[in-house]
């Protein structure tokens, strides 16, 4: 029994009719066009992914810079908070300095105040280069020939103290770098009252 095309429409029957060439699959041209479109779509997404990765990395670096900045500002304020205003020196005619010199009050006896000795805060350039930062450095406390780190990751020009009456205004900038060598920084001012 032979089947005809009419019989093939009935359920349960099969027909081995020859297919037309257009029904056998995709042509090479169609495959190339689709592959090209997919490659173009992926190529346009690549820069977005890279850009997004850089934003995430910069955001993390900024968070770290802000955390380091808070620690740095608190440390500098802690040093300057106990200063006797009568011992302050190193300020220019505008009342600004990058190397304040002072003596901190450590106590009092029956006759007078007692001091820790002559001290100085100053920025010192880092001994090694840091990618993305032109002049990296840190703020140190110097006393009796000893140097103590107070604020790390401070770029050149990132530390200044201004005297306003009985107060000192600390201006501080802190940087952080990414693994790609980009740097971010944060800056702020803090006002502290000193002893008179």
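The values are calculated or read from the model by the stated rules, or taken from the named source; none is laboratory data. Computed from a predicted structure; not experimentally measured. Cβ sites come from the backbone with ideal geometry, for glycine too, and all protein chains shown count toward neighbours.
Scan region 10-29 and tell me whether some residue there is modelled with pLDDT under 85, part of a helix (DSSP H, G or I) and surrounded by 10 or more Cβ atoms within 10 Å (Cβ to Cβ). No, that holds for no residue. Residue 79 meets the conditions (1) at pLDDT 85 or above; (2) within 25 Å of the chain's Cα centre (by Cα); (3) surrounded by 12 or more Cβ atoms within 10 Å (Cβ to Cβ) in every case but one. The failed one is (2). Here is the figure for region 140-177: residues that are outside any strand (DSSP E or B), without any contact (Cβ under 8 Å) to a residue 60 or more places away in the chain and crowded, with 17+ Cβ neighbours inside 10 Å total 2.
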